[in-house]
Amino acid sequence: MKIPLTKKVEGFTVKEKSVSQLVSEMGKTGYQGRKLAEAVDLWETMVKEDDLVIVLGLAGSMSTAGQWTLVNWLIKNRFVDVIVSTGANVSEDIVDAMGLGYWQATQTVNDEELLEADINRYYDVYGIETDYRQMEELLTEFLLTLKADYPYSSMEILHLLGKWLSKKKIQSITATAAENGVPIFSPAMLDSAYGEAVLMAKNEGHNLIVDQVKEFDQFVSIGEKTKDTAVIYVGGGVPKDFTQLLAISISPKTM
């Protein structure tokens, strides 16, 4: 067997340079530096493709770690066309966007002491419980503007929320997405602050219906309207599993 020796590993010089130049030079190295450069090249190819929908899958709770502003940047520059996210990422960012925020912390602190101090911990990030409640109350205020007993998909709810928050100058992920025509799906949105907000609205006599069958239909129908799709995953879980449904590419209503 002849072993191909076509591309030599090249080190790079440490000096002042752009991030793009650094990543490009890392593509000539090995291990994760090379993989990062390959990922950037692939994403650039995606953006340049015609009739290609780029889906971004977001798992976990990245917004508490300050990553939600990066998602906004991707949306504004149209490096993504559709987002599939946990409810956490598109609710906990609102705390920061409201001007409240999160704090760097340690994961080794005693959780009982945090409970007494009314502090939430997201691994190595702290959040104030009363700030979180303000966000929940804001979401409840929004939900009360929706039609009662009407079946909404998560995409419809998050689009309307984005328009509502945009008017309030709260530049969350949903607001930025609504302004730029990027739909957001959250197939497990009730596993977050949205679940509590729905219950709070219900306690005020306002019954909200989240229709996941309608959501499924809306999402897979995207495959009918484009030549091809590409996906970028940050983590796995429900967003990844849901996004894989695009491989079906046929809406149930046409089957």
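The values are calculated or read from the model by the stated rules, or taken from the named source; none is laboratory data. The model shown is predicted, which means the values in this text are computed figures rather than measured ones. Note that we place each Cβ from the backbone using ideal geometry, even for glycine, and neighbour counts take in every protein chain shown. With ligands, DNA and RNA removed, areas are computed over all heavy atoms of the protein, side chains included. Shrake-Rupley method; radii C 1.70, N 1.55, O 1.52, S 1.80 Å.
Karplus-derived 3J(HN,Hα) values for segment 239-244, using 6.51 cos²θ - 1.76 cosθ + 1.60 with θ = phi - 60°, are x, 5, 4, 5, 4, 4 Hz; glycine and proline are entered as x. Comparing Lys227, Lys28, Lys240 in a Gaussian network model of the chain, where Cα atoms under 10 Å apart are tied by springs, the biggest mean-square fluctuation is seen for Lys28.
Here segment 42-159 exposes an accessible surface that is 51 percent carbon and sulfur, computed with a 1.4 Å probe and the other protein chains kept in place. Taking amide H positions as modeled 1.01 Å from N, with prolines and chain starts lacking one, the residues under 5 Å from Thr229 and 5 or more places away or on another chain are Val53. Could you name the aspartates and glutamates in cross-link range of Lys168, using Cα to Cα under 18 Å and dropping any fewer than eight places away on the same chain? Output for Lys168: Glu92, Asp93, Asp96, Asp131, Glu136, Glu137, Glu141, Glu179.
Relative contact order of the chain, taken over Cα pairs closer than 8 Å and 6 or more residues apart, is 24 percent. Annotation for Val213 and Glu38: the two label points, set 7 Å from Cα along the Cα-Cβ direction, are 4.3 nm apart. In the context of the full set of protein chains, the chain has a per residue accessible area of 57 Å² (1.4 Å probe). Result for the chain in a Gaussian network model with C-alpha springs under 10 Å: among Leu144, Leu114, Leu100, the largest mean-square fluctuation is at Leu114.
Scanning residues 5 or more positions from Val84 or on other chains, those with amide H under 5 Å from its amide H are Leu56, Gly57, Leu58, Phe185, with H placed 1.01 Å from N in the peptide plane.
Given the options Asp96, Asp81, Asp124, state which has the largest fluctuation in a GNM of the chain using a 10 Å cut-off (strictly under) for Cα springs. Comparing Asp96, Asp81, Asp124 in a Gaussian network model of the chain, the most mobile one is Asp124.
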